[in-house]
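What follows is one structure encoded as structure tokens, with my remarks underneath.
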Amino acid sequence: MNNILESPFVREMCHITANMYRMGFDERNGGNISWILEEEAVRQYLDPAEPLRTLPLSFDGSELAGRYLIVTGTGRYFRNVERDPQANLGILRISPDGASCQVLWGFSGGGRPTSELPTHLMNHIQRLRADPLHRVVMHCHPANTLAMTYVHQLDDRAFTKTLWQMCTECIVVFPEGVSVLPWMVCGTNEIGRATAEKIKETRAVIWAAHGIFAAGRDIDEAFGLIETVEKAAEIYIKIRNTPWMQTITDRQLADLCQTFGLTPREGYLEV
Ligand code: 13P
Ligand code: ZN
């Protein structure tokens, strides 16, 4: 059996969590990541017939039956993942009936998966329905995105259009827009269901006064989406109290989409 600490997925999780910590997106234990792995990749590093523990799921996860995921641990600090992956990460397999998951590796010392596991799994279900190549769900607390949720209308269209106007690349990175949820208690099935409902349409869902959830086919895509939203929010926070001399117009946004062969969210541009 190969050394799992040298697997591409453990190495990538170490790399991204360290990076997100350094960017200030994940203070203390803030943020969590889950990544669906292919069975053949996992089998090179562990024997799935030897689970360490079984944990119940609080909702029906049967659409993910048999799926393997690498997940960050609850209460764990992103800045420590690189130093001790086995304590801060774990590999799960969803049971055939979707009522529980087995820990196959990690969460050493009695650790458990992130408290946002219901939201992650519900979002994986929705994104896999939308895109069979979907694999990653990522959550973090980037400061400018949070700040924007205090001073901007929490309407999907209005929020999206402001972000699109802040950087030329935004509409190219998320032509479907972003969604925004009002403040809710985190770590619950309710916020999981509400997020999953929104993530059907947009790969980024912003939680007011809390953070962002993003989905992608790989770590780069999910993280790239978060970085782009956060950069746009930063520009908005920098300029919102000064008079604007100009912005990117809806016509210009439509021209960008045409050039890049993208379809902007229907009804969002007035051209
Ligand atoms: P966990 O430590 O349980 O992953 O929670 C962190 C967080 O960001 C909750 O929304
Ligand atoms: Zn959070």
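Thr263 falls short on exactly one of the conditions (1) within 14 Å of His139 (Cβ to Cβ); (2) not in a helix (DSSP H, G or I), and that condition is (1).
Regarding Thr202, is this residue on the phi < 0 side of the Ramachandran plot, in contact (Cβ under 8 Å) with a residue 24 or more places away in the chain and open to solvent by 10 Å² or more (accessible area, probe 1.4 Å)?
Numbers: on the phi < 0 side of the Ramachandran plot: yes; in contact (Cβ under 8 Å) with a residue 24 or more places away in the chain: yes; open to solvent by 10 Å² or more (accessible area, probe 1.4 Å): no.
The answer is no for Thr202.
Scanning the range 190-214 for residues that are within 15 Å of ligand 2 (Cβ to nearest atom), out of contact with any Pro (no Cβ under 9 Å at 6 or more places or on another chain), over 19 Å from Ala158 (Cβ atoms) and of a type in the set (Gly, Ala, Ser) turns up just one, Ala214.
Within the range 149-172, is even one residue at negative phi, acidic (Asp, Glu) and surrounded by 16 or more Cβ atoms within 10 Å (Cβ to Cβ)?
First, pick out the residues of the range 149-172 that are at negative phi: 149-172.
Filter again for acidic (Asp, Glu), leaving 155-156, 169.
Now restrict to residues that are surrounded by 16 or more Cβ atoms within 10 Å (Cβ to Cβ): 156.
Scanning the range 149-172 turns up at least one residue that is at negative phi, acidic (Asp, Glu) and surrounded by 16 or more Cβ atoms within 10 Å (Cβ to Cβ).
Pairs meeting the criteria (first residue in the range 11-38 and more than 16 Å from ligand 2 (Cβ to nearest atom), second residue assigned to a loop (DSSP other than H, G, I, E, B) and open to solvent by 10 Å² or more (accessible area, probe 1.4 Å), beta carbons under 7 Å, at least 6 apart or on different chains) are Cys14/Glu82; Ala18/Glu82; Trp35/Arg135; Ile36/Arg67; Ile36/Arg135.
Could you tell me which of the residues Gly98, Gly110 is away from ligand 1 (no atom under 16 Å from the Cβ) and on the phi > 0 side of the Ramachandran plot? None of the other options fit; the residue is Gly98.
Is the range 93-116 home to any residue that is surrounded by 23 or more Cβ atoms within 10 Å (Cβ to Cβ) and in a helix (DSSP H, G or I)? The answer is no, given that none of the residues of the range 93-116 is surrounded by 23 or more Cβ atoms within 10 Å (Cβ to Cβ) and in a helix (DSSP H, G or I). For the range 71-92, a tally of residues being in contact with a helix residue (DSSP H, G or I) (Cβ under 8 Å, 6 or more places away or on another chain) and more than 14 Å from ligand 1 (Cβ to nearest atom) returns 4.
Pro264: within 24 Å of Asp131 (Cβ to Cβ) and open to solvent by less than 30 Å² (accessible area, probe 1.4 Å), yes or no?
Values: within 24 Å of Asp131 (Cβ to Cβ): yes; open to solvent by less than 30 Å² (accessible area, probe 1.4 Å): no.
Against the criterion (within 24 Å of Asp131 (Cβ to Cβ) and open to solvent by less than 30 Å² (accessible area, probe 1.4 Å)), Pro264 does not qualify.
Total residues in the range 117-135 satisfying the condition of being away from ligand 1 (no atom under 15 Å from the Cβ) and buried (at least 16 other Cβ atoms within 10 Å of the Cβ): the figure is 7.
Taking the range 152-200 as the range and being in contact with a Lys or Arg (Cβ under 9 Å, 6 or more places away or on another chain) and in a loop (DSSP other than H, G, I, E, B) as the test, the residues that pass are His152, Cys167, Glu169, Phe174, Pro175, Glu176, Gly177, Val178, Lys200.
The values are calculated or read from the model by the stated rules, or taken from the named source; none is laboratory data. Model, not experiment: these values are computed from the prediction. We place every Cβ from the backbone using ideal geometry, glycine too, and count neighbours over all the protein chains shown. For accessibility, only protein heavy atoms count, side chains too; no ligands or nucleic acids. Shrake-Rupley method; radii C 1.70, N 1.55, O 1.52, S 1.80 Å.
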